[in-house]
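Below: one structure, written as structure tokens.
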Amino acid sequence: MLNRTNRALLVTGLVLAALLLMRLGQQATVDPPGFALPAFEPGDVALLSVCAPARCAAFELRDGRWGWKDGSNTTPVDQARIAELMTAWQGGRRTRYKVAAEVTGSPAPEFGTMSQSTVEVRFERSPDDEIVSLEIGESAPDGGRYVMREGDRAIYVLDVPREDLLRTDVAAWTDREALRASTRSLDAFGLLNSAGRLEFERAGDSWLVTEPSELTADPRAVGRLLDEIGLLAALPEVGVNASIAARAQGLDRPRLSVWTRRGDTTTTWHFAGDAPDGRGVFVDREGGEETLQMAEPPMLARLDVSPDQIKDLVVLHFELTEGRSLRWSRDDREVTLNAGDGDVPEVALALSLLSPLRALPGEAVVTGEPVARLVLTDPDGEREISVYSEAEGTAAIAIDGRGVLVSSRLIERFDGLLD
């Protein structure tokens, strides 16, 4: 038989054991403090999207490349940015803790889930096979963001990776370099700006100016214009409220218009009024789906070019090859160069200024006697460049009967060969 002391110890032990079992049972029925997102490999994902209530950037993998899930959007997708997004999430993430076990109705505004500020991130193998689906809300006081997951009414806190990638506007996911390159396949484009009208048509790999018809454009200047025009498709769209305010101002008096044509499709952008908050210039896009976008003021300035700014200023292209020579003379000194001399570094540097020789903007005064001469000889005859004056980094020369300004570096380089 147990004595009184042993009986007391036994009862105490039984009570403690019962309490322990009760505690373990309670813990077994309490929701865990958080959850871990499933890890995945990029090859597992065929659909992904970053969406807000007002707009969505949704993508689909087709033939090994990502494109817009909406087939009507043909702008090229930034493949590297999508790879960065998947890399940031593929390792799996664990929530830090649970804020609310069950939310009925709408969550509290401070959570920002299921509200106008929510961003939904979704990775899927197929439309019916999701890997990750999260609604990301506001920032939590101690860091991280409030989140909800698909089929779970609880609120958690998660350290969201690469928040800078969670943008829903088309511009953020567009491959800007590919857009620039795509303009080379346009059939025609044009501008109507403060200087008047400029219009171009593609002829093979080059561009012809059709308006004004007497203008010959510098291919480099045309390339810069096309680069800028390509980026118009990537301009961010404005929000609904801003769009209403902009259209209320009236967009029928654009400051600058740009149009492009590829096949039977013409798209036009009208640069209209400034945004009230000074962020940029409203751009009204016509063609296909009409959209209101926002451009930064420097883009407007780069497109507001005049014919003089894109004029082809190449006045000479000369290479020292077999059967060709040149003679530079100043005062009583003279140097003659023939094929093979171009291998000398100093000579090659001087010749580079003739391949091609570009004029500078402005008028050249060529009067009196020239101070130096450059005579170019080839099997077809001679051409002469006469130098008349030098001032402030420029030199006035006469070539083929017309006076133009060139960089004074031309004179300096050829004078250096006289020593």
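Brief remarks follow.
- GLU237 long-range amide H proximity, modeled H, under 5 Å: VAL170, ALA171
- Sorted fewest first by neighbouring Cβ atoms within 10 angstrom, ASP419, ASP159 come out as ASP419, ASP159.
- Karplus-derived HN-Hα couplings along the stretch 112-129 (A = 6.51, B = -1.76, C = 1.60, θ = phi - 60°), whole Hz, x at Gly and Pro: x, 8, 6, 9, 5, 9, 6, 10, 9, 10, 9, 10, 9, 7, 7, x, 10, 9
- Label selected from (1) 21.4, 73; (2) 22.4, 67; (3) 35.1, 138, the criterion being Rg and Dmax of the Cα atoms in Å as computed here: (3)
- Pair-distance profile P(r), taking every C-alpha pair of the stretch 42-172, with 10 angstrom steps and integer %: 12, 43, 33, 11, 1
- GNM result for the chain, Cα springs below 10 Å: residue of ARG145, ARG409, ARG153 fluctuating most strongly: ARG409
- On Cα atoms only, tilt of 79-90 relative to the major axis of the chain in degrees: 20 degrees
- Nonlocal amide H pairs with SER408, under 5 Å, H built at 1.01 Å: THR394, ALA395
- Karplus-derived 3J(HN,Hα) values for the stretch 163-172, using 6.51 cos²θ - 1.76 cosθ + 1.60 with θ = phi - 60°, are 4, 5, 8, 8, 9, 9, 7, 4, 4, 5 Hz; glycine and proline are entered as x.
- The stretch 106-169 versus the stretch 302-362: alpha-carbon centroid distance in Å: 62 Å
- Near LEU256, the amide H atoms lying under 5 Å from its own belong to PHE271; only residues 5 or more places off or on other chains count, and H is placed 1.01 Å from N.
- Three principal axis extents of the stretch 314-416 based on alpha-carbon atoms, in descending order, are 35, 27, 27 Å.
- Distance histogram for the stretch 266-384 (every C-alpha pair counted, 5 angstrom bins, percent rounded to whole numbers): 2, 8, 12, 13, 11, 8, 7, 6, 6, 7, 9, 8, 3, 0, 0
- Using θ = phi - 60° and Karplus 6.51 cos²θ - 1.76 cosθ + 1.60, couplings along the stretch 321-333 (whole Hz; Gly, Pro as x): 10, 3, x, 10, 8, 9, 10, 10, 9, 9, 6, 9, 10
Rule-based calculations on the coordinates, nothing more; no lab input. Because the structure is predicted, anything quoted here is derived from the model rather than measured. All Cβ positions, even for glycine, are placed from backbone atoms using ideal geometry, and neighbour counts span all protein chains on display.
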